[in-house]
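Undergrad: Below is the structure I would like to discuss, written out as structure tokens.
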Amino acid sequence: MSNPELARRLREARELASVSQQAAADHVGIPRTAITQIEAGNRLVSTMELSKLAELYRRSISWFLAEAQQHDDDVLVALHRLAPGLQEDDAIRFQVDRCVSLCREGVNLETILGREERPGPPVYQEPAPHTVWDAVRQGHKVADQERRRLGLGSAPLPDLAELMVDQGIWASGANLPGTMSGLFLHHPSIGMAILVNAQHPRARRRFSYAHEYAHALFDRDRVANVTTTDNRAERVEQRANAFASAFLLPAEGIDDELRQLGKGQPSRGDVLVFDAATGGSIEGQARPAPNSQTIGFQDVAYIAHRFGVSYEAAAYRLKSLRRVSPAESAELLTPAMQDAGRDYLRALELFDDLEGTDTPQRGTRELRSRIAHLAIEAYRRGEISRGRLLDLSKALDIEGRQLFDLAEVARSA
């Protein structure tokens, strides 16, 4: 480990943890100038100082001292280094490893078929956010730009996994530890991949897909980015949350829905019309009926369902856009109002659309369907053997005979 590389990692970890140089110096018990010199590579860091900084930055010492990650590193090694919690449960590790292996198989099949390399979405070159405001501003700005680039307008988004795959990113659900909502991977062996926690409700998984998509747009220089409750205060995570909120709940789309509900209009409106008879003007004022513009739990629940997000996400977005006041937002987010919103969705048989969970098979269907399609095409062209096709059927959890019969039909057509 070279001193410049260690210095770079210490600075990166501090910035990600949103810790000032003075706070780091105070925690270690050294002058602030010492932290400056350490991060510039001009001063060595002692073992005790490194231990204290690792604790403050919520990183393991091995994260700082590990050999610099090269592109030929195994992506699973890099992932398990960053997310050691994946190794604590054999079933979780098996499923994550299986998803990564499927992504690798997909890249191999695309290469066999002569497909062009999946370029993925554009990279947005934004400076590292130093404040919450920086993070939110960057996230909102790029969310608007990405919606325009994709031609999505202000309408609710379709299936997020399909959208990710259409952008050249493998996407799948996987059973992850409860504290982990998702992860983004970028490596030559698999391209780009997003895994979200399949055990979370549907609305939360949609938000996680959008959150990890933000990492694909902003933070593609990393082999792996893991989103957990432990790193939620990091600025890049706050930026990804801001992106997801604006990407899923565009301001114009919310205003359209509020207008459809007869809500969100100003408390009064002045009108001024030219008077042809006098050359002067006719003035008037329109006032909505009392309390007609109040946004209630039923409106929040309706918007949440329209855009496929949780009740809480919709309420916070309305507050962020100043469509409700802080006091109104606090009321809408009380347990009683949240329960009323969920009861409203249950009464209309809409609750399961947001809060329901999927089987493991359904959670991985988009990834598996893409790989299966590539496998059948490769067999049809004679690029892979029957034995290789049957091996892939096991990885895809499809009955071997069924996949083989489908591939034979494709070949004979």
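The values are calculated or read from the model by the stated rules, or taken from the named source; none is laboratory data. Only a predicted model underlies this, so the values are computations on that prediction, with no experimental measurement involved. We place every Cβ from the backbone using ideal geometry, glycine too, and count neighbours over all the protein chains shown. Protein only, heavy atoms only, side chains kept; ligands, DNA and RNA dropped before computing areas. Shrake-Rupley method; radii C 1.70, N 1.55, O 1.52, S 1.80 Å.
Undergrad: State in Å² the accessible area per residue of the stretch 339-413; use a 1.4 Å probe, count heavy atoms of protein chains only, and round to the nearest integer.
TA: 58 Å²
Undergrad: Counting pairs of alpha carbon atoms under 8 Å apart in space and at least six apart in sequence, what relative contact order in percent does the chain give?
TA: 16 percent
Undergrad: Which of the peptides 123-132, 332-341 is most tightly packed, and how do the rest follow, judged by the mean count of other Cβ atoms within 10 Å per residue?
TA: Taking the mean over residues of other Cβ atoms within 10 Å, the ranking is 332-341, 123-132.
Undergrad: Here is a further query. What is the sum of charges around LEU185, taking Lys and Arg as +1, Asp and Glu as -1, for the other residues whose C-beta is under 11 Å from the C-beta of LEU185?
TA: In short, +2.
Undergrad: May I pose another question? For the stretch 118-232, what does the alpha-carbon gyration tensor say about shape, rounded, prolate or oblate, given a ≥ b ≥ c as the root eigenvalues, a/c under 1.5 as rounded, and a/b over b/c as prolate?
TA: Here the stretch 118-232 falls in the rounded category.
Undergrad: Tell me the net charge near VAL123. Cut-off is 11 Å between Cβ atoms, VAL123 excluded, with +1 for each Lys or Arg and -1 for each Asp or Glu.
TA: -2
Undergrad: Going by average Cβ density within 10 Å per residue, which order do the peptides 388-400, 109-121 take, highest to lowest?
TA: So the order, starting with the most tightly packed, is 388-400, 109-121.
Undergrad: Could I ask something else about it? Which helices pass in the chain if a helix is a full DSSP H run, must span at least 30 angstrom along its long axis by Cα, and must have mean Kyte-Doolittle hydropathy not below -1.0?
TA: 90-112
Undergrad: What distance in nm lies between label points placed 7 Å from Cα along the C-beta direction at SER154 and ASP358?
TA: Between SER154 and ASP358, the simple spin-label model gives 2.9 nm.
Undergrad: Here is a further query. Could I have the simple spin-label model distance between ASP405 and THR47, label points 7 Å from Cα toward Cβ, reported in nm to one decimal?
TA: For the pair ASP405/THR47, the computed spacing is 6.5 nm.
Undergrad: Separate question: For the chain, what does the helix formula give at 222 nm: sum of -39500 (n - 2.57) over DSSP H segments with n ≥ 4, over the residue count, nearest 500 deg cm²/dmol?
TA: -17000 deg cm²/dmol
Undergrad: Between LEU157 and residues 5 or more places away or on another chain, which pairs have amide H atoms under 5 Å apart, with H built 1.01 Å from N, and which residues are they?
TA: none
Undergrad: What ranking, highest mean first, results for peptides 294-305, 44-55 when packing means the other Cβ atoms within 10 Å averaged over each residue?
TA: Peptide ranking by packing, descending: 294-305, 44-55.
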